[in-house]
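Asks: I am attaching a structure below and will ask some questions about it afterwards.
The values are calculated or read from the model by the stated rules, or taken from the named source; none is laboratory data. Note that the structure is predicted; figures quoted are calculated from it, not measured. Quick reminder, even Gly has a Cβ in these numbers, built from the backbone with ideal geometry, and neighbours come from all protein chains shown.
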Amino acid sequence: MIKKITLFLLSLLILIPINAMAAGDTKISIDMHYLVVSPAEDGSTNMMNMVNYTNPSAEAYKGDGKSKAVLNVSLPDGATDLNFLDNKIAIEQIDGGFITTDPFPGNQTLVLPYSYRIPKAKEINLKFDYPVQMMQVLVPEGMGSVEFKGVQSTYQGQFKFEDQKYVGYSVEGIKAAQAFSMVYNKDKQPPAESTAQQSQTQSEKAKSGNVTHSAPPFHNPGHLRMWAQSPLHRFNPHIFLIIMLAIIIGGLYSYFFFRRKARREEERLNSDKEEQAFKHLMAKQKAILDKILELEEIHENGEMNETAYQAKLQAYKQHLVQVKLNLRQFVE
């Protein structure tokens, strides 16, 4: 389950535009913070994070110089069972969170995947050390919902990854050190995807008096004379006019109807082609991510030397970047 969620979060991060956030007043910022919230068997709450840090400067970031810490990551009070999902990043656990100690290269992004648990009935108080452009909270379908206090959130509805559906919430523009809380209720499900729309109808009864208005019919004598001398003089001119208007309106309706139908058919064909291309790229992306995880397992088991591992890893990453660039045309 953890590996599947990790792949899910990695695939979401792949679609984030590079250097999506300006530097602002801080040297380090968070472009996107994904958080998957789910219940644990003992009643606690699983908090799985995938965080995308950005160093917009051309120079490597080495921290504030007051300690060996480069990046600081604060965790909510009471967080337990901290687990790092990437052992290639030098990380040290400290009181209230953890730090990274490797220099952060310039013009680069760094993905930190980690997880922890919040004890049962414990309020989840969040605070980030760097400004966050967007935070997306995901809850597996049927496993409850979340509410926020201290920030404005948006419910994003449902979406599906492989065989699992999720409901999403987003919070934008979180400032560094801004404190807010999240309430997770595993027994309270979010609203249905299709919300009933209530139509409001108003009925007004107009009362009119017995007022009559009469006026003699007026027609230009020249028009009457032309009509009397035309081959159509046997027809009632008013009925003829109604028939002609009906023919004109019917012709215009048919023209626009079939034109719109042809345009919709063309759009449907183009949409089908784009959908197939998008699905193909998503499948290719998943296959590459699976290969990377498999390669890491082989390397960790000592079945591959470091040189061969790095060569294959770089090849997979280059392929993944190309797939990402192709996918961006569908999401921009």
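Asks: Just wondering, is there one or more residues in region 288-295 that are within 29 Å of the chain's Cα centre (by Cα), at pLDDT 75 or above and loosely packed, with under 12 Cβ neighbours inside 10 Å?
Replies: There is at least one residue in region 288-295 that is within 29 Å of the chain's Cα centre (by Cα), at pLDDT 75 or above and loosely packed, with under 12 Cβ neighbours inside 10 Å.
Asks: Enumerate the pairs (first residue in region 60-75 and of a type in the set (S, T, N, Q); second residue anywhere and not in a loop (DSSP other than H, G, I, E, B)) with beta-carbon separation below 6 Å, excluding pairs fewer than 6 apart on the same chain, so at least 6 apart or on different chains.
Replies: As it stands, the answer is Asn72/Ile99; Ser74/Gly97, since those pairs meet every condition given.
Asks: Condition test on Lys160, is it at pLDDT 80 or above, charged (D, E, K, R) and either part of a strand (DSSP E or B) or not assigned by TED's automatic domain parsing to the domain that holds Gly142 (or both)?
Replies: no
Asks: Follow-up question, since we're still on this one. Val132: within 21 Å of the chain's Cα centre (by Cα), more than 25 Å from Ser44 (Cβ to Cβ) and surrounded by 15 or more Cβ atoms within 10 Å (Cβ to Cβ), yes or no?
Replies: It is false that Val132 is within 21 Å of the chain's Cα centre (by Cα), more than 25 Å from Ser44 (Cβ to Cβ) and surrounded by 15 or more Cβ atoms within 10 Å (Cβ to Cβ).
Asks: Here is a further query. Limited to region 120-136, what total is found for residues that are touching a strand residue (DSSP E or B) at 6+ places or on another chain (Cβ under 7 Å) and more than 22 Å from Met32 (Cβ to Cβ)?
Replies: The qualifying residues number 1.
Asks: Going residue by residue through region 137-154, is there one that turns out to be in contact (Cβ under 8 Å) with a residue 60 or more places away in the chain, loosely packed, with under 13 Cβ neighbours inside 10 Å and under 16 Å from Ser38 (Cβ atoms)?
Replies: no
Asks: Output the strands (runs of 3 or more DSSP E) that fall wholly within region 56-116 and possess 3 or more residues being assigned by TED's automatic domain parsing to the domain that holds Val36 and over 19 Å from Gln133 (Cα atoms), or say none.
Replies: In region 56-116, the matching strands (runs of 3 or more DSSP E) lie at 80-84, 91-94, 97-100.
Asks: May I ask you to list the residues in region 165-179 that are in a strand (DSSP E or B) and crowded, with 16+ Cβ neighbours inside 10 Å?
Replies: Hits for region 165-179 are Tyr166, Val167, Gly168, Tyr169, Val171, Ile174.
Asks: Which condition from (1) under 29 Å from Pro56 (Cα atoms); (2) of a type in the set (A, V, I, L, M); (3) assigned to a strand (DSSP E or B) is the one that Val139 breaks?
Replies: (1)
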